[in-house]
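Heads up, the thing below is written out as structure tokens.
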Amino acid sequence: MTARRRLAPDDRRAAILAAAGEAFSRRPYADVSMTGIADAAGVSAPLVVFYFGSKRALYLEVLRTAVTSIGDGLRAVPGPPSLDRLHASVRFYAEYARSHRTGFLSYLRGGSETALPEATALVAELRGELAATIAADVVAGLAPRTLDAAGLAALDVAVHGHFGQVDAAVQRWLALPDDRRELVDADTLARLAVAAFAGTLRALLPPG
């Protein structure tokens, strides 16, 4: 158990959120206890309840914080729709994952917590927004050529499929030993992702 320490209310709340983020990033929601979070944060379990009300509310706050940070960061990527903007977006995503590992992993886990519809809705809403942005970036890379209705429908399927590919690549990157992870930077991950989307473009375009 972490030794208890006197903290200002805002610092205590932040410590609880950090401990919860670590716990939820490593284990499914059902396997995490309020007592374990309290111990890790160096506070009492009743104090965790005082600040957040319930484990469900605490989990959603952890997830909401991560979703907001990722969404705000991606929306701030400058420039018009283009493959260059897609590159910058994936680079931000990977850099966020490295510097906010627990928040990122909680975000990924939140998308599969089917027993918590509020959690899956938070992740799905962000992914829907990002899918539209990525599709716009990819379509811009076609100019002056365009996709017909069937091509746009296929693009939607491809974009959502690529989410899984990018997430799997970033998770593997995070899992590498430090010395190996330093050999592959966020820019490399972004280039790999854009290359995959370029392959999608070739598959969607009619011959000729």
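Derivation of every value follows stated rules applied to the coordinates shown; laboratory data play no part. Remember, it's a predicted structure, so these values are computed and weren't measured experimentally. Neighbour counts run over all protein chains shown; Cβ positions are idealised from the backbone, glycine included.
Values for this structure:
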read-out	value
Exposed-site-free run, longest, the chain (rule: trypsin sites (Lys or Arg not before Pro); DSSP loop; at most 16 other C-beta within 10 Å)	7-144
Nearest-ten-degree value, helix 83-99 long axis tilted from longest Cα axis of the chain	20
Given charges at beta-carbon only (K, R positive; D, E negative), |dipole| of segment 1-146 in Debye	320
From phi via Karplus (6.51, -1.76, 1.60), per-residue ³J(HN,Hα) for segment 143-151 in Hz, x at Gly/Pro	3, x, 6, 10, 9, 7, 4, 5, x
C-alpha center-to-center spacing [segment 1-72, segment 188-206] in angstrom	39
Helix axis angle, 55-75 relative to the chain longest principal axis, alpha carbon, degrees	40
Given (1) 1.11; (2) 1.18; (3) 0.98, the label whose value is Cα Rg over 2.2 N^0.38 Å derived from this model	(2)
With Cα atoms, 0 to 90° folded angle of helix 117-140 axis to the chain main axis	30
The chain, relative contact order in percent, only Cα pairs under 8 angstrom and at least six apart counted	22
Computed helical MRE - 222 nm, the chain, DSSP H runs ≥ 4 contributing -39500 (n - 2.57), nearest 500	-24500 deg cm²/dmol
Point-charge dipole on Cβ atoms (K/R +1, D/E -1) for segment 60-204, about Cα centre, debye to 20	260
